[in-house]
Every structure is written in C-alpha cells, then in structure tokens.
Amino acid sequence: MSADSPKVTYPFFTLSDSSPFRFGLCDSSEKSLPPPPPSIEVHLSEASSVESPNVDSVFITDGLTLLKGRVSTNDVFGVSDSDLIPGKYEGGLKLWEGSIDLIKTLESEIKLANILLSGKRVLELGCGHSLPGIFAGLNGAGSVHFQDFNAEVLKHLTIPNVKYNLPNISFGKDTGSELTKQEEQHKLLDVRFFAGDWREVHCLLVPGSEDNNLKECEKYDVILMAETVYSLSAIQHLYNLIKKCLCHPCGVVYLAGKKHYFGVGGGTRQFLQVVNDDGAMEASLLAEFANGSSNVREVWKISFKATHC
C-alpha cells in the first residue's frame, strides 16, 4: 500500500437529481418499481476476474486496519457514483461510516466480554464492503455469511474484500508452512455469499424456515447490519427477515445506522418503533457518534425478550 493512498471518505446518503427514480417517504413511484432480482447464492468462483487497481487501507482503531477495494458504480451499474436506484442498485459499492462505527462497537463489546464470536454463525445483512463480517471472521467466527441486494456488489467488491483481509480461508490454498492457531482458524472459516431482496432471501439463508422444519442451531447467532434502515418501506421486511434468521432465544443483532436519514424517510428510531410494536424483541443503545455538524449515528443491540444467555 503506497504512503500516498487516497484517504477514505464516507459519502452522504443522497440521490442524484438526474435519477429516473425518486426515493422518499411520500413518493408513490415505489409502487411501480421493477420486481426484485431472484435470490441466488454467489460462489467464490464467480468473483470478478478483473482485479481492482484501487485498494485502500481503512483505519479502524490502533492495531486494526482493514483493506477495501474501490469500484465505480458507473463501471458496474452504469450510474453515477452518487446514485441510489431502488429496485436496481442499493448503494453497496460505497463504504458507509456506520460500518466503521459497528466494528468499533463490536471490538469494545469483545473487550468487555459482552460477546464471544468464536465458533459463532454470523450473518451480515446489506453487507456491501463486508468489513463488519470480515471483522467477525478475524475474531474466530465459525461461519460468516454475507448478504447484499446486488449480486454484482458481491462479485466485484465483497468477495475481493474478503480475500484481501482473510487470505487463508478455505480457498484450497496451501501456504507451504506451518499455520499459527489464528491462521488455521481463519482457514476453516465457512464463508458464503447471497444476493437477493429481504422479502425473499430467507429461502436461501435459512431454508426450511417457512414450514418450521429448521432447527434453531441452523440459524444465526449474530446478525450484523450497518446503514440498512434508510428505507422506510423496507424496514418491516428487514425486521421480518431478522426474526426468521436469528437463533432463539440467545441470538443477537448489532445495528449501526443514522438516527434519521433525511430525504429518504428511514432511520434507527423508525426501525426501533417496528421492534417495539412487535413486542418480541428489545433494544439497548450501545454507542452514539455525533460531531455536532452532521447526522447523529448510533449502534444498537437487539435481542429476544426474557432471555438468560
């Protein structure tokens, strides 16, 4: 990595005025959105064969720096870098600041012994760059599954980022030398990638959930989400997916996001209202990030009520 690598920046959540779609709380165009793409599993072999020439270092905390590719939305989707197009592209090629907030909070939770990731089944929803899921893999998770709306994001960005940061996971690669305990743990990590809409992708993530044939041990111990609650119309679908995928009674969700997404209708508080209205789960605020000049960002921990895990 060159010393003059460009500084990583975190974009505001905006739509281009030239987009043929509008995206807001009172907009009726969502009714005419195209049907979502089918839910599919994307295999490691399907990753883009074009190696990204732009790989940035992302400083998280002292002692923790991750790598991320930089891919143009124009090259992949044919839209400008500022565009978010509901039904076509959901912003997965940008690194949103909530991902960094989530990793910092997880690191704190681990140090406080509030969570143990070793051996756990972890799912990152709306993964994009996949840095929180990668962090879980670096901290001993047994399985990390990544979900994004767009298969193109998984192929061009998510899978390459996983390879940059977890080079020894089971790609059939022999290092030719003795592995440390940590390296051996990474090599045995089960990694899978799924693309699809939140209304349908549970059929791949937790097959059998519709007919109640799924054992709790086949669900996920930990679900990670960063910047997934921006769309008011999608919040209920997201919550429904969580309830289908999360292991009961001891599963836990870590959500990072903005308190309000101005102009698009969603936010952490709108999502928490859905959680409260349902009554099956409860939430606690773990961290708040505010610099006085931008939107307040939060990290929440959500779990089933009345658990003793």
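Within the range 277-294, being part of a strand (DSSP E or B), acidic (Asp, Glu) and farther than 16 Å from ASP101 by Cβ holds for one residue alone: GLU282.
Any residue at all in the range 156-179 that is touching a Pro at 6+ places or on another chain (Cβ under 9 Å) and at pLDDT 95 or above? Within the range 156-179 (the criterion being touching a Pro at 6+ places or on another chain (Cβ under 9 Å) and at pLDDT 95 or above), the answer is no, since none of the residues qualifies.
Within the range 228-235, can one find any residue that is surrounded by fewer than 20 Cβ atoms within 10 Å (Cβ to Cβ), hydroxyl-bearing (Ser, Thr, Tyr) and at pLDDT below 95? Checked the range 228-235: at least one residue is surrounded by fewer than 20 Cβ atoms within 10 Å (Cβ to Cβ), hydroxyl-bearing (Ser, Thr, Tyr) and at pLDDT below 95. Annotation note: of GLY251, GLY266, the sole residue that is without any contact (Cβ under 8 Å) to a residue 60 or more places away in the chain, among the small types (Gly, Ala, Ser) and touching a helix residue (DSSP H, G or I) at 6+ places or on another chain (Cβ under 6 Å) is GLY266. Considering the range 254-276, and only residues there that are of a type in the set (A, V, I, L, M, F, W, C) and either in a loop (DSSP other than H, G, I, E, B) or modelled with pLDDT under 95 (or both), the residue that is farthest from ARG121 (Cα to Cα) turns out to be PHE262. Give me a count of the residues in the range 146-158 that are within 13 Å of the chain's Cα centre (by Cα) and either basic (Lys, Arg) or under 11 Å from VAL42 (Cα atoms) (or both). Final tally of qualifying residues: 7. Of all the criteria given as (1) farther than 23 Å from SER294 by Cα; (2) at pLDDT 95 or above, the one not satisfied by SER80 is (2).
Looking across the range 91-109 at every residue that is hydroxyl-bearing (Ser, Thr, Tyr) and in contact with a strand residue (DSSP E or B) (Cβ under 6 Å, 6 or more places away or on another chain), the one that is nearest to ASN295 (Cα to Cα) is identified as SER99.
The values are calculated or read from the model by the stated rules, or taken from the named source; none is laboratory data. All values reported here derive from a predicted model rather than from experimental measurement. Note that we place each Cβ from the backbone using ideal geometry, even for glycine, and neighbour counts take in every protein chain shown.
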